[in-house]
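Shown next, in structure tokens, is the structure this report addresses.
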Amino acid sequence: MPGRAPRILGIDEFASRKGRTCGTVLADIETSRPVDPLPDGETATVAGWLREHPGAEIVCRDRFMIFTKTIRQAVPDALDVADRWHLLQNALRGSAPGWAPNPAGRCTGSARVAVTRAGRA
């Protein structure tokens, strides 16, 4: 049987060239180390890895909806968390309500980290 997933697992897509998504990287958030690269970000690929590597209690992801759906399907008891970096990045682009960059380049306003139990609305 393959190894267990880290307790806190990070999922993000990566590109070998700017503008081209090529795969998905899985990382151990507690150790800040990569766990496994996957060849794509397809639901079946990521869900398959999650099912073969049980143990993730918290899954930290960007706001890519495919990852949200995959987590709900493959690890329904895991806590699904939108990571801070991507929330801040979206805020700086003006896509997050309640956030606005000030002239010094810092965000003002308050934000709620998107934390849900996978499988629940």
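The values are calculated or read from the model by the stated rules, or taken from the named source; none is laboratory data. Quick caveat, the model's predicted, so the values are computed rather than measured. All Cβ positions, glycine included, derive from the backbone under ideal geometry; neighbour counts span all protein chains shown. Just so you know, the surface numbers come from the protein's heavy atoms only, side chains and all, with ligands and any DNA or RNA stripped out. Shrake-Rupley method; radii C 1.70, N 1.55, O 1.52, S 1.80 Å.
What the table shows:
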quantity	calculated
Virtual spin-label span in nm between residue 14 and residue 40, 7 Å along Cα→Cβ	1.9 nm
Heavy-atom accessible area order for 63, 17, 72, 4, largest first, 1.4 Å probe	4, 17, 63, 72
Extent along principal axes [Cα atoms of region 1-40; Å; largest to smallest]	32, 23, 10
